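S.K.: Got a structure for you, written out below as structure tokens; questions coming shortly.
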Amino acid sequence: MNHLVAVLSCLAFATSAIAQETPKDLPPLLRVVVKTDPDKGQILYKEFSYVNEPVFKKGVVQKGIALVEVDVAEDRFVWVEGQGIIDIGTRKVTTLDGKGGDKTVETRFITTDGKHLALADVWKRVKANMVIAVSRNGETPAPEFLRALHPDIVVVIPDAVKKEEK
């Protein structure tokens, strides 16, 4: 009887896990804050990337019957740490979709439960060496991703389309 209950409960949990929809949005990027500058309206964070670096080596090629020493260039990827900057405030951005025109964008901040954060609260909460989540597409990340984040994390939505004030 105990085995039957265990099997049935596993089946019930498995079907509920399968029934969940997959998020249609991209997950936010997690970044470590290096410094905040409220006077300039900027948050600086660590950015990691690879750069292509040429490496020159000596090689030998055959020219006729003689061997000739030449410089050979090879590429290698090098891990580089830099800084990214999030500018806070309203600005104009030109769209690259071929339709022309500008759009007015701003940086918005929310908590992991989706509540809007005032700018004064952002400067109190965002400090050096803390993790922030940065939206990739200018929209609020899917609730499934927000639930997976620690409640202390501030979610940054750069280039969010500015809502018209009425």
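Values in this text are rule-based calculations from the coordinates and carry no lab data. On a predicted model such as this, the values are computed, not experimentally measured, just so you know. Quick reminder, even Gly has a Cβ in these numbers, built from the backbone with ideal geometry, and neighbours come from all protein chains shown.
S.K.: Take the residue pairs LYS46/LYS124; LYS24/LYS115; LYS24/LYS124; LYS35/LYS103 and return only those whose Cα atoms are more than 26 Å apart.
M.R.: The answer is LYS24/LYS124; LYS35/LYS103.
S.K.: How far apart, in nm, are the 7 Å Cα→Cβ label points at PHE56 and LEU26?
M.R.: Between PHE56 and LEU26, the simple spin-label model gives 3.8 nm.
S.K.: Full-extension gain between LYS127 and ILE65, please, as 0.36 nm times their residue separation minus the C-alpha to C-alpha distance.
M.R.: 15.6 nm
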